[in-house]
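The values are calculated or read from the model by the stated rules, or taken from the named source; none is laboratory data. All of these numbers come straight from a predicted model, not from anything done at the bench. Glycine gets a Cβ as well: all are built from the backbone with ideal geometry, and neighbour counts include every protein chain shown. Surface areas here come from the heavy atoms of the whole protein model, side chains and all, with no ligands, DNA or RNA. Shrake-Rupley method; radii C 1.70, N 1.55, O 1.52, S 1.80 Å.
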Amino acid sequence: MAKDGNLDFKSLTAKEVNLNNHSAQEIEVACYSRNQAILYIRKFNYGRALAHLFVALRLIPEWREELRNVFWQSLSFGCQELACKGRLHETISLRKDALLFYPDDEIMLMDLGSTYFKLDDTEQSLDYYQKALQACPSLLPASRAIQSIYNKHVERWHFRMLNDGERNGAYHKAILHRLHEGYSTVLDVGTGTGLLSIFAAVGGAENIWACESNKFIFKIAQSVLAANNVSHRINLINKHSSYISIPSDISEKVSMIITEVFDAGLVGEGVLPMLLHAWENLLIPPTEVTSNCKEPSKNKGGIVLPYSATVWVAAIQCINIARRHRLLPNVCLCCSDENTPLSFHYGKIELCKFCEAPRKFEPEDILYHLNGVSVASVLSEPYTTEDLENVAFGYELLSKPVKVFEINFNSIEELKSFNQGRLRNAPILINTNGSVDAIASWFHLNLDNNGTVISTAPFKEEGLYHSVCWHQAIFPMPCPRKVCPGNEINLQLQINKDVFEITDLGFAAGQDVSPDHLLLVSEKIISFLNNKTWMKALNTAAIGLLRDFNLDSSSNHKILDLSPFPILGLRILKDFKNWNLVANCETQMDEEYIRAVARNNSIEERQIQFVRSEILEEKIADDYFNVICIDIVDPSGELSELSLERIPFLLNRLSANGYMVPHSLSFECQLVDSDKLVSQSQVKSDESMQNFNITEFMNKFAVDYHLHTSRQGLHFAGILYSFNLVLRPGMRPISTSCQDSHYDQAAILFSLDVLAGTEITLKCLFWSGLLDIKPSTEVFTQQK
């Protein structure tokens, strides 16, 4: 490759050809085609070049290795041109023809897998990724692509459910109870691996149909049913239940529908319209049922399992939720010497229990808190989800749980009412001092109206099956809400079809710390600014950079800041009016906040220019910068693929003696042993599923690579890794795993038995920003 980026063809000379293997005419045509290919490549006409290379290689196969790099680059650029013209299917034919010459070329195989993935042909994509990995076992991009497909099509909650022995045991008991009552024809809606249908089959159901719309899961279910010798008893249908009809799919209306299509907010997976369709088309009509959950007369109508559900809410305080969803103050304003409020510890930092600010004043070099303005993250959905039992730094209930909705799945009138939208006003009585960070919600599933009830609460409840596979629905508070015992929160909630939301929130006088203005910004900005460790480090880096430049007021300088929020750039502009900042900003609301912070720090608007990520290269192609700050680590905990791809371009935009921030990075690993991530990565054993054979089929889709992992409350066996970044030479590194980090960590799982005092050698592989870490086969035991 030449320095200017074009191919260097000086070394591309034809080898002597054996005249005994080829005719003179073949050699003449092949040499002509080869030379023409080189000419077309020099003209950047890769399509014509590729056509000539195909001719040359068909005639003289011996040239394959000599022309491999030229062929691959022509193929790559040619396919890019076709893709830009929307002719993606044509690239498939080109790549397949290329494999005739290079059948074991891992890059060509992987590119073909990627093309099929773009065309949404998952099976073909997976096939070629696996072939690429067979050709080169260390091809990390292919390995990660395969795991991404597994994650997409066999979502991790399947593993959590199968590992949830209490949930499975409760469903098993309830299904047997209903079969004993005579509900013997069954439709299992959203069957997944078929576990609930197997419960029905071994329990004696006469006829069983099970539908599953996911093709991947459907094929797993086929294998599971065959392995458990019930394929002849259960009719699998690869459809969503709303597309099932009688008699083409099932022969008759059934007496019982079994389902578990519930999300953390109960109705988010569409259970209400699904059941209404089922009652109208697939289920034996019900006997008359009232809204107080009385059961229909046995064997006179169809029935749904679970029978009913209740939704519960409670006010909670959780610093981990707060710091992701609203900008926390930098100093407590509640305290006085005479009346010191309650406090709690966030790691080593003491925070006020009411405002969740440090008790010790932490000065800001950039004033990003605005007077009279509360800054919070914009939510794309009515609620988020959280595993409160394992959330970092825990949570606290500020009120007793309140039952807000009860839905009888066996009352068509109730289902219609909720499907069209039902409002409920619910007062919540506070019984503990604190700050309301969120309203948490969970539900109870009354499976059989006979005492078999599953709870998804973040704590165990006496007499109920405690399920851990469903997390809790979280409604974050955009503003601080100080509460004391006896205070009341008035909630207005609504369930409407597949949406559960809080439509209004009322606080009594004195509780509502309402700002003059609420400013909504991207969540990544909130979590970034709440990372005080990084804010201090970026300020220190800015001061050091200014000192390094030894600036005079007559010089004009530029900084490019691609961080979630341009703290480094603003800190430099605050002291020097001859600097200009180009900041990455994706939304108008984020830009509004950055401008407000600039004004708050006496920075002139003329000094700031904003650019969207997708047009960054185009906008700064002619600019040079004294400082470039990049966000090299993705919030998920892995290195940012986009940032790494941009580094060569950005280095070309760096002025002489300029600085790239961060200056360098390293990574550190921690070996851990427990089972939280194992439960959502693989099925641990058949024991949690009443010993039916499912594990071997599901674990074909197990993954060992996880992002968005928190160091706190973590339970798994493997390696947790994070990055240490040096922002400028001479500074101490800061870690992506610091206590208040806005980054999660990445984890790689494996099975390894070790003893205390054992030394493990790790093998690390780095490939285009991807990192893989595995224990060496050599394990050395040392004496303590």
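Selection of region 76-102 for residues being open to solvent by less than 70 Å² (accessible area, probe 1.4 Å) and outside any helix (DSSP H, G or I) yields Gly86, Phe101, Tyr102. When the residues of region 334-346 are narrowed to those that are modelled with pLDDT of 70 or more and part of a loop (DSSP other than H, G, I, E, B), which ends up nearest to Tyr368 (Cα to Cα)? Taking the candidates together, the pick is Cys334.
Please verify whether Asn425 is outside any loop (DSSP other than H, G, I, E, B), of a type in the set (S, T, N, Q) and either at negative phi or free of Cβ contacts under 8 Å to residues at least 24 places away in the same chain (or both), treating the condition exactly as stated. Yes: the conditions hold for Asn425. Checking each residue in region 711-737 for being assigned to a loop (DSSP other than H, G, I, E, B), hydrophobic (A, V, I, L, M, F, W, C) and either farther than 24 Å from Thr540 by Cα or modelled with pLDDT under 90 (or both) picks out Leu714, Phe716, Ala717.
Pairs meeting the criteria (first residue in region 127-153 and farther than 22 Å from Met698 by Cα and in contact (Cβ under 8 Å) with a residue 60 or more places away in the chain, second residue open to solvent by 60 Å² or more (accessible area, probe 1.4 Å) and part of a helix (DSSP H, G or I), beta carbons under 6 Å, at least 6 apart or on different chains) are lacking.
Checked against (1) open to solvent by less than 10 Å² (accessible area, probe 1.4 Å); (2) closer than 27 Å to Gly372 by Cβ; (3) touching a strand residue (DSSP E or B) at 6+ places or on another chain (Cβ under 6 Å), Met589 meets all criteria but (1). A Cβ distance below 8 Å, combined with a sequence gap of six or more or placement on separate chains, defines the contacts here; from region 455-479, residues that are more than 16 Å from Ile439 (Cα to Cα) reach residues that are assigned to a loop (DSSP other than H, G, I, E, B) and acidic (Asp, Glu) in the pairs Ser455/Glu461; Ser467/Asp164; Val468/Asp164; Cys469/Asp164; Trp470/Asp263. Only one entry in Leu493, Leu447 is touching a residue at least 40 places away in the same chain (Cβ under 8 Å) and in contact with a helix residue (DSSP H, G or I) (Cβ under 6 Å, 6 or more places away or on another chain), namely Leu447. The set of residues in region 198-214 that are in contact (Cβ under 8 Å) with a residue 40 or more places away in the chain, open to solvent by 30 Å² or more (accessible area, probe 1.4 Å) and touching a His at 6+ places or on another chain (Cβ under 9 Å) contains only Asn214. Within region 449-468, restricting attention to residues that are part of a loop (DSSP other than H, G, I, E, B) and β-branched (Val, Ile, Thr), the residue that is most open to solvent (accessible area, probe 1.4 Å) is Val468.
Considering only residues that are over 29 Å from the mean Cα position of the chain (by Cα) and of a type in the set (Val, Ile, Thr), which ones fall in region 75-112? Across region 75-112, the qualifying residues are Thr91, Ile92. For the residues Ile559, Ile594, Ile603, Ile572, the requirement of being in a loop (DSSP other than H, G, I, E, B) and crowded, with 20+ Cβ neighbours inside 10 Å singles out Ile603. Taking first residues from region 319-343 that are under 30 Å from Ser380 (Cα atoms) and partners that are modelled with pLDDT of 75 or more and open to solvent by 50 Å² or more (accessible area, probe 1.4 Å), the Cβ contacts under 6 Å between residues at least 6 apart in sequence or on separate chains come to Ile319/Phe393; Asn320/Phe393. Within region 419-436, the residues that satisfy the criterion of being among the hydrophobic types (A, V, I, L, M, F, W, C) and open to solvent by less than 70 Å² (accessible area, probe 1.4 Å) are Ala426, Ile428, Ile430, Val436. Residue by residue through region 469-500, note down the ones that are in contact with a Lys or Arg (Cβ under 6 Å, 6 or more places away or on another chain) and either surrounded by fewer than 17 Cβ atoms within 10 Å (Cβ to Cβ) or not in a loop (DSSP other than H, G, I, E, B) (or both). Passing the criteria: Leu493, Ile495.
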